[in-house]
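Working notes, beginning with the structure itself.
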Amino acid sequence: MNHWLNPIQLSGKHLTLIQLERGHKSALVEAANDGELWKLWYTSVPSEETIEAYVEKALADERQRTALPFVVYDNHTGRIIGSTRYCNAVAEHRRLDIGYTWYAKRYQRTAINTECKYLLLQYAFEQLDAIAVQFMTNWFNFKSRKAILRLGAKQDGVIRNHRIDKDGCLKDTVIFSIIRDEWKLVKKSLGFQLQQHPNSKPTDPVYETERLFIRPTIVEDATFLHELMNSEGWLQFIGDRGIRTVADAEKYILERMRPQQARLGYSNHTVIRKSDGAKMGGCGLYDREGLEGVDIGFSFLPQYSGQGYAYESAAKMKDLAFNEFGLSQIKAITVKENIRSQKLIEKLGLRFLEMVRLPGDAEEVMLYRL
């Protein structure tokens, strides 16, 4: 018998959505262990103690034709990294929810969620002919609320005292939706987001500000990096790094930037303008030889200077340094002649300490700390 929700498998570049089976229990627990996600009281991520009930409830809803649960499979590593599902489906009205979505911590804030939702929304609107797709999340799950808005969904409202949780607390639920007439524009937006990091590793985080995408620099940025490192401002204030060709830039990325990214989780980041995808500059946190601690740095092509992009990206990196990467302090260095850089560093809240000379440098630089 043909039903509205039928067994499917959805595949993208980074991930494949495979129907949940009982045999996936141990892999799901292993994924949830990355970050001990079940400790987040406002989510429904399974633990070793709850995985049995979690899977059985999902499969029971599937038998009732109200849900279609998936595991999220990383195409690059061959590992299960999370779960998601269609749920609360009403075939008569061609409406359903996308929910119960979670990923191992190292995959959060990466291309994975964007591609996962793109696949689910595309199938819902283009194959199931859904008239609306809904998202629900706990009022206190602020990360989830922001992620849903980034998809292009609109907030419909808040249901007060919607549920009683296991501790007897009354839970408010925030409701979002994307309707059929909005899908074409939402699809375009999600596709654009995926294009901003087409060759990045799936574990590379992509950060956002109001105007910018900020992601780790990859080999495919070599042409841009070659231009940046040979720009007048770079050569005058940072110095000649001997990057004469695009091949030199590729080597610099592979030997200097990517190893630190793999080791520490942060390094140089390429700053991309949301409105047109232009690669404008670099901003990052650097474990620099001869300098104790981590310093924050930034540099932009001349045509993008004076528009607030450097401060916007650097402020984001500063926030990440303390709240994402757990650093207790950051430093910054600049030459005495770079007055614009000094002003930006001070605007970030760093204070001048002393003049220092780094290994291999002929001149002293100004050292700041926060």
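The values are calculated or read from the model by the stated rules, or taken from the named source; none is laboratory data. Worth saying up front: this structure is predicted, and the values here are computed from it rather than measured. Quick reminder, even Gly has a Cβ in these numbers, built from the backbone with ideal geometry, and neighbours come from all protein chains shown.
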Inset, instruction - Evaluate the following for GLN108: is it surrounded by 17 or more Cβ atoms within 10 Å (Cβ to Cβ), closer than 29 Å to GLU210 by Cβ, of a type in the set (S, T, N, Q) and modelled with pLDDT under 90? - result: yes
Inset, instruction - Kindly establish whether GLY157 is among the small types (Gly, Ala, Ser), over 12 Å from the mean Cα position of the chain (by Cα) and modelled with pLDDT under 90. - result: no
Inset, instruction - Considering only region 25-62, state which residues are over 20 Å from the mean Cα position of the chain (by Cα), assigned to a helix (DSSP H, G or I) and of a type in the set (S, T, N, Q). - result: SER26
Inset, instruction - Please work out if ASP156 is buried (at least 19 other Cβ atoms within 10 Å of the Cβ), of a type in the set (D, E, K, R) and in contact with a Ser or Thr (Cβ under 7 Å, 6 or more places away or on another chain). - result: no
Inset, instruction - Would you confirm whether any residue within region 352-365 is assigned to a loop (DSSP other than H, G, I, E, B), in contact with a strand residue (DSSP E or B) (Cβ under 7 Å, 6 or more places away or on another chain), modelled with pLDDT of 95 or more and aliphatic (A, V, I, L, M)? - result: no
Legend entry - Answer from GLU182, GLU115 - the residue that is over 28 Å from ASN75 (Cβ atoms) and in a helix (DSSP H, G or I): GLU182
Legend entry - Close pairs (8 angstrom Cβ cut-off, 6 or more residues apart or separate chains): within 12 Å of SER83 (Cα to Cα) in region 43-62, part of a loop (DSSP other than H, G, I, E, B) anywhere: TYR54/SER44; TYR54/PRO46; VAL55/LEU20; VAL55/PRO46; ALA58/LEU20; ALA58/ALA67
Inset, instruction - Go through region 273-291 and count every residue that is at pLDDT below 90 and either touching a strand residue (DSSP E or B) at 6+ places or on another chain (Cβ under 8 Å) or part of a strand (DSSP E or B) (or both). - result: 5
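So which residues in region 342-366 are of a type outside the set (A, V, I, L, M) and in contact with a Gly (Cβ under 9 Å, 6 or more places away or on another chain), if there are any at all?
Result: ARG357, PRO359, GLY360, ASP361.
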Inset, instruction - Looking for whichever is among the hydrophobic types (A, V, I, L, M, F, W, C), in contact (Cβ under 8 Å) with a residue 40 or more places away in the chain, surrounded by fewer than 21 Cβ atoms within 10 Å (Cβ to Cβ) and assigned to a helix (DSSP H, G or I) here; the options are LEU254, LEU344. Which one fits? - result: LEU344
Legend entry - Residues of region 316-329 satisfying the condition of being hydrophobic (A, V, I, L, M, F, W, C), touching a residue at least 60 places away in the same chain (Cβ under 8 Å) and under 19 Å from SER341 (Cβ atoms): MET317
